[in-house]
1. How do 17-23, 79-85 rank on mean C-beta neighbours within 10 Å, highest first?
2. When we measure straight from the Cα of residue 46, which aspartates and glutamates land under 18 angstrom away, once same-chain ones fewer than 8 places off are left out?
3. What order do you get for 100, 200, 159, 73 when you list them from fewest to most C-beta neighbours inside 10 Å?
4. Roughly speaking, what % of Cα-Cα pairs in the range 121-231 are separated by over 21 Å, rounded to a whole number?
5. As a footprinting exposure proxy, order 127, 74 by other Cβ within 10 Å, with the fewest listed first.
6. Treating the beta-carbon of each Lys and Arg as +1 and of each Asp and Glu as -1, no other charges, what is the dipole magnitude of the range 1-158 about its Cα centre, to the nearest 20 debye?
7. Let me know the volume per residue of the alpha-carbon convex hull for the chain, in Å³.
8. Does the range 93-159 come out rounded, prolate or oblate, given a ≥ b ≥ c as the square roots of the eigenvalues of its C-alpha gyration tensor, rounded meaning a/c under 1.5 and, failing that, prolate meaning a/b above b/c?
Amino acid sequence: MATFLYIDTSGEKATVAMSNDHHVLALEENSMANTHASFVQPAIQKILQSSGMTMQSIDAVVVTMGPGSYTGLRVGLASAKGIAYALGKPLIGISTLKLLAKHAITHLKIMSQNASIQIFSMIDAKRMEVFGAIYKPDLTTLLSEQAIVLDEPYMHKLLENGPLLCIGNGAVKIRELMTAENLYCSDDQYNMADLTNLALEKWAEKDFEDIAYSRPSYLKDFYQAPPKQQK
C-alpha cells in the first residue's frame, strides 16, 4: 500500500491531499485562484497534522501537469519537485485531460451504453478555444493534448468517427455551438478518486517524472500584456 502526497493547482480550485492506497487520509482545498501559491505549504502542514503522518512516510509526490492555469501549474510543479527532491521520492505527473477522461469512464452512464464512444476532454482556454485531447474508453489516446479552436465543421468531422462525449468546463462551448446525434456533453470535473486511481496505475508501472527536466503541459505560450506607459 502506497502513501501519496497530492498537489493540484492546475485550475480555479487547488487541492492538497494525502492518501494511502485508495483511501484519502486528509484533504485541503482552496477556491481562490490567485492565492494558490500561498495555500500549498500551509495546506501540507494541515494534512500532515490531521492525518498523523510525516513527510518521511510519503512514498511519492503526485502533481497535476496540466493543461490549466499557467501560474497555477508553475506553483504546483515547483512545490512538488522541491518536496520529491528533498525526500528522495518519485514524482508522479498526471494529465488533467486524462483525469477528465478517467472520470467519464468511471462515473458517466453514457460510457456503458456506447462501447466505441470517443472521449473529448476539454478545458476552457477562452473564446472558442479549449485545451483538449481525445481518448478511447480504455484511455488510449486518439488525439494528443493540444490547443483547439472549436467550430461546427471540426466537430462534425470528429463525429464521422463515431459517438463523441465532451467533458470538462469547455463542454459548455459545444452546447452553445451545436447539437447533433451521438454528441454528448458533460461539465463534470475530475475528483480525488480519479486522481488516486491514475496515480496508483503510474506507481505500479513505475512511470515517474524526471524531477530535473519535467515541465508543465502549457500547450500555449503565456502572453502577458505589456504595462501601460504613464503619460
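1. 79-85, 17-23
2. 8, 28, 29
3. So the ranking, lowest neighbour count to highest, is 159, 200, 73, 100.
4. Value for the range 121-231: 49 percent of Cα pairs lie more than 21 Å apart.
5. The fewest-first ordering by Cβ neighbours comes to 127, 74.
6. 120
7. Spelled out: Cα convex hull of the chain, divided by residues, is 146 Å³.
8. Cα axes put the range 93-159 in the oblate bin.
No value in this document is a laboratory result; all are computed from the given coordinates. These numbers come from a predicted model, not from an experiment. Neighbour counts are summed over all protein chains in view; Cβ atoms, including those assigned to glycine, are modelled from backbone coordinates with ideal geometry.
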